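Peer 1: Pasting in a structure now, in structure tokens, and then I'll have a few things to ask.
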Amino acid sequence: LFSCFLAMRKRFSLFVPIGVTLLVLWMYDGSQSLAHNVVIAQASLFLIPAAGFLYRDDPPASLLAVMREAPPVACWMLGAGVCELSPQAWDVDVRGRHGAVPVRCWGSPHRNVGLVVHVHGGGLHGGSFIAEQHVSQYLSVAANVCSVGYRLAPEHKDPVAVDDVEDAVRVLWPSAADVRGKPRRLVLFGISAGGYLAARVALRLASTETLLVMVAPMVSPTFFGPSQHQYARAVWGHQQNAWSWRWFLGESAETGHVDLLRAAEDGEKFPLTYVAVATRDYLRDQGVALAVSLNRTKQLVALKEWDTSHLGCKVRGFWDQCLGGARDRMIDFLRAAGT
């Protein structure tokens, strides 16, 4: 209905909402309810690419607000406990340098197998606990998982989001009381923009007890490979990617300090890193380039590729394919410490 409304306002063909509907059906996995699998997990992300076909310039702030509020509104409309907090989840209050940083954790009160910090995606300007809580619960088989609600662009420019995630990690990692365990090793995990922010924090921590897991990551605001041309008009394409970096960086013309590929080429100390990319993804070649660079310095654990699109990893039907290997690697890493 929302895409129909936009189509009418912009006098676009109804092929736009029809296309979004077909995308929903294609991503649907029959083993779960449509509400759980698609509406909750993807509501905000569907609107971002849809807006890309309707606006040549930056979409208005009102549309950005709707994109952010889509998952909570969907929860309210669907009811029936679709978005209720799992009994094995709890919230943590973190006071960071920019104010309160909300954190939600999943796991077991008595678990002692390390900590996974999940940094949600959303193009640096969207996403939330709700949009990726199913991923957090999937990963909680490996260890306690804490997801960080960092501040978003364009209201908050770089490095505010990185600061928020770092502040949360420094509180959660050494504090057994907050995460109901005694973590000795840390996994920083993120999909898309979450992978980018996780890497920025990993570089700040410079810890040998950290594993960085990046799935379909944003890597660089300036690198363009064949996939950037091949999938320029994909669900996540050139226009959406440009908005993200522009909103995140603001008016700054200097991008070297935010470019992960440049950081790797300059010899900055990345932790052991696991990179997974999607075959049909605009960001594919950025992830591959980063993995190749890290492999030269023996910091790459593995580079995996799965046959889907950028958003495929957020859908249950692809979890074992694109997240299963990452989860297994997390378990091996955490158990290797003798925890």
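Values quoted throughout were computed directly from the atomic coordinates according to the rules given, and no laboratory measurement underlies them. These numbers come from a predicted model, not from an experiment.
Peer 1: For Arg185, what residues show an amide H to amide H distance below 5 Å, using hydrogens built from the backbone and excluding near sequence neighbours?
Peer 2: Gly114, Leu115
Peer 1: Can you list the HN-Hα couplings for region 151-168, worked out from phi with the Karplus curve (6.51, -1.76, 1.60; θ = phi - 60°), rounded to whole Hz and with x for Gly and Pro?
Peer 2: 3J(HN,Hα) across region 151-168, in whole Hz: 6, 10, 6, x, 5, 10, 7, 4, x, 4, 4, 5, 4, 4, 5, 4, 4, 5.
Peer 1: Another one. Amide H neighbours of Glu305 under 5 Å, at least 5 residues apart or on other chains, H built in the peptide plane: list them.
Peer 2: Val277
Peer 1: Here is a further query. Mind listing the phi-derived Karplus ³J(HN,Hα) values for region 206-219, rounded to whole Hz, using 6.51, -1.76 and 1.60 with θ = phi - 60°, and x for any glycine or proline?
Peer 2: 6, 9, 7, 9, 10, 10, 9, 10, 10, 10, 6, x, 6, 10
Peer 1: How large is ³J(HN,Hα) for each residue in region 226-233, as worked out from phi by the Karplus curve 6.51 cos²θ - 1.76 cosθ + 1.60 (θ = phi - 60°), to whole Hz, x for Gly and Pro?
Peer 2: So the Karplus estimates, Gly and Pro as x, are x, 5, 5, 8, 5, 10, 4, 10 Hz.
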